[in-house]
Amino acid sequence: MNNQNPVKSVSIATFGGQMGYSISMKITKDSLYYDFNIAMDSTKRKHIEKPNIVYKLEDLINPDNIVRFSRVKDGESRQPVDGTDMEITIETDKDKYTVINAWDDEVWQKTNKKMQDIMYKEFVTE
């Protein structure tokens, strides 16, 4: 799987809440992308791009787990009670898999943790 359909990018996004905010980060082989937006206050918008010289995509999701990730079911939305939803997207040369709120799935959780750690290390300073 990993040689025939390699991972091109891993993305994470959190969105919703009372202020209508969104935070996203995308990691490719060469770059890190970060976006922050609050619908109620456009002056807080941020878009940052950095070269990726540290993170390997296969460390974020093991290529052997892509098939398993592709079968994960979305969880329930948390937005109806002013909550936020979290989405993880794995893009390969051939496919794109997006899963929202799969808090009960081990592969989704591990990828979420790794992405959150990178986001806070690289971008979140406040």
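The values are calculated or read from the model by the stated rules, or taken from the named source; none is laboratory data. Being a predicted model, the structure only gives us computed values, none of them experimental. Cβ: placed from backbone, ideal geometry, glycine included. Neighbour counts: every protein chain shown. What goes into the accessible areas is simple: the full protein's heavy atoms, side chains included, and nothing from ligands, DNA or RNA. Shrake-Rupley method; radii C 1.70, N 1.55, O 1.52, S 1.80 Å.
Starting with the highest mean, order 54-65, 8-19 by the number of other Cβ atoms within 10 Å, averaged over the residues of each peptide.
8-19, 54-65
With point charges of +1 on the Cβ of Lys and Arg and -1 on the Cβ of Asp and Glu, referenced to the Cα centre of the chain, which listed residue (THR28, MET86, THR98) lies farthest in the positive direction of the dipole?
Value: THR28.
With a 1.4 Å probe and all protein chains kept in place, how much accessible area does SER70 have, in Å² rounded to the nearest 10?
Roll a 1.4 Å probe over it and SER70 shows about 50 Å².
Could you tell me the center-to-center distance, by alpha carbons, between region 6-61 and region 80-126 in angstrom?
That distance is 10 Å.
Can you run phi through the Karplus equation (6.51, -1.76, 1.60; θ = phi - 60°) for region 27-35 and list ³J(HN,Hα) in whole Hz, with x for Gly and Pro?
Result, rounded to whole Hz: 10, 10, 4, 10, 9, 10, 10, 9, 9.
Whose amide H sits under 5 Å from the amide H of LEU32, counting only residues 5 or more places off or on another chain, with H placed in the peptide plane?
LYS50, ASN52
Counting only protein chains, not ligands or nucleic acids, how are ARG78, ARG45 ordered by accessible area (probe 1.4 Å), most first?
Ranked from most to least accessible, the order is ARG45, ARG78.
For the chain, what is the convex hull volume of its Cα atoms per residue in Å³?
107 Å³
Any idea how far apart ASP117 and GLU87 come out in nm if each label point goes 7 Å out from Cα toward Cβ?
Placing both labels 7 Å beyond Cα along the Cβ direction yields 2.6 nm.
Give me a comma-separated list of calculated 3J(HN,Hα) values for region 52-58, in order, Karplus coefficients 6.51, -1.76, 1.60 applied at θ = phi - 60°, integers in Hz, x for any Gly or Pro.
Running phi through 6.51 cos²θ - 1.76 cosθ + 1.60 with θ = phi - 60° gives 9, 10, 10, 8, 9, 4, 5 Hz.
Angle check, please: helix 106-122 long axis (alpha carbons) against the longest principal axis of the chain (alpha carbons), in degrees 0 to 90, nearest 10.
Result, in degrees: 60.
Name the long-range amide H neighbours of ALA102: under 5 Å, sequence gap of 5 or more, or other chain; modelled H, no Pro or chain starts.
GLY75
Cross-link partners among aspartates and glutamates for LYS46, C-alpha distance below 12 Å, same-chain residues fewer than 8 apart left out?
By straight Cα distance, LYS46 reaches ASP35.
Just from its helices, what would the mean residue ellipticity at 222 nm be for the chain, if runs of 4 or more DSSP H residues each count -39500 (n - 2.57) and the sum is divided by every residue, rounded to the nearest 500 deg cm²/dmol?
-5500 deg cm²/dmol
Find out how many positive minus negative residues lie around ALA13, taking Lys and Arg as positive, Asp and Glu as negative, among other residues whose Cβ is under 11 Å from that of ALA13.
Net charge in that neighbourhood comes out at -2.
Given +1 on the Cβ of Lys and Arg, -1 on the Cβ of Asp and Glu, and no further charges, what dipole in debye does the chain carry about its Cα centre, rounded to the nearest 20?
Here the size comes out at about 240 debye.
By the scheme Lys and Arg +1, Asp and Glu -1, what is the net charge of all other residues having a beta-carbon under 14 Å from that of ARG68?
Summing Lys/Arg as +1 and Asp/Glu as -1 gives -2.
Where the accessible area of the chain is counted over protein heavy atoms with a 1.4 Å probe, how much of it, in %, is carbon and sulfur?
Ligands and nucleic acids excluded, carbon and sulfur give 47 percent.
Considering Cα pairs under 8 angstrom that are at least six residues apart, work out the relative contact order of the chain and quote it in whole percent.
Relative contact order comes out at 27 percent.
So, counting K/R as plus one and D/E as minus one, what does the shell of residues with Cβ under 13 Å around HIS47 add up to?
Its environment carries a net charge of +3.
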